[in-house]
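First the structure, in the form of structure tokens, and then the observations on it.
Values in this text are rule-based calculations from the coordinates and carry no lab data. Just so it is clear, the model here is predicted, and its values are computed rather than measured. Note: ideal-geometry Cβ built from the backbone for every residue, glycine included; neighbour counts use all protein chains shown.
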Amino acid sequence: MAEGEPPARLTVWSRFLELSQAGPTRRWLSQALIVASDVLSPIILAAAGYFAYIRQIPTQSLTSFILFMAVLTGLAKIFKYGLELYAKAQQATRESLIEEEVATAGSRVFGHWREVSRHHEDGIENANRQLQGVSFNQKQTVDVSAIDSYLKAVIAVFRSFYEGEEFTANLVVPNEANDQLWLVRIEPGGGGRSNNIPRSFDLQNDAWGITESFKQARIIYTEDVRQYGGSGERGYLSVINMPVLGSSGQVVALVNIDSPKAATFGSLERVIAAADYCRPILSSLSLCLNDPRLFKVQRQ
């Protein structure tokens, strides 16, 4: 017998208990046997004793029958006790598995959130440094590393909700007249995605995706851009548009997160749940965009 392997008799007994609980019919029969032993055995023994007394049958003649009933009752008690232990073992196993899954999930989520926190703090630090002082020199060029940090943080949030998926996030800002949108940053860049920015979107002609999200100030989820005439040749098929609100509730920007696969994000409810975790990041991004030097050409 291998080390750690349970004795054969225990394995057979455990297997017997497992088979006795396989399906509703077997469970009912098991419980019926236990109830019959608990309730009927004393009645049968009492009836047998009374019958022997009426018929003047010597008590010794009932010894075999009494022994048989005692053995039957004992086996039923052992069976009942075994089922109780089996149920406790099953419950302990389930609880152990649940605890293990919770611990694994917690560790995974915590790891993602550490990344979120790191990028978020990096963005806040860059934003505060960028916004030092009251007045701005409009001729200055501003570092956009804070924007990139926030986009990375948004990606990290969605990775925690969609394990194993790869995403790209980008920032879109409106011009001063609010009749045109400009895609100004993509994270991560490369692969040709960032070669054609800044890129404009006409609010008058487009009636879905970022246009709808900007006009209605709400999250829009597009499962497949090809359903709305998109070519799908820009490296993404499904996309989420999240409005970034200013201090007065106006839309000051949009953060879009996309996937190269169609219908990656599941239901809109799940999308909104993930987006809720991005709210502090989007608020910080809104603060950052108060600096008029950021993307000043596109925002004028």
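Report the local net charge at D148: Lys and Arg +1, Asp and Glu -1, summed over other residues whose C-beta lies under 12 Å from its C-beta. Kindly include the intermediate steps, with their values, before the conclusion.
Working: positive: K152, R185; negative: D122, D143, E187.
Neighbour charge sum, excluding D148 itself: -1.
Taking the Cβ of each residue in V225, V12, V172 as the centre, tally the other Cβ atoms inside 10 Å and list the residues starting with the fewest.
Neighbour counts put them in this order, fewest first: V12, V225, V172.
Could you give the spread of the C-alpha atoms of segment 131-299 along their three principal axes, from largest to smallest, in whole angstroms?
So the extents along the principal axes, rounded to whole Å, are 45, 34, 33.
Ranking E165, E100 by Cβ neighbours within 10 Å, fewest first, what do you get?
E100, E165
What ranking of H112, H119 emerges when the number of other C-beta atoms within 10 Å of each C-beta is taken as an exposure proxy, fewest first?
Fewest-to-most Cβ neighbours within 10 Å comes out as H112, H119.
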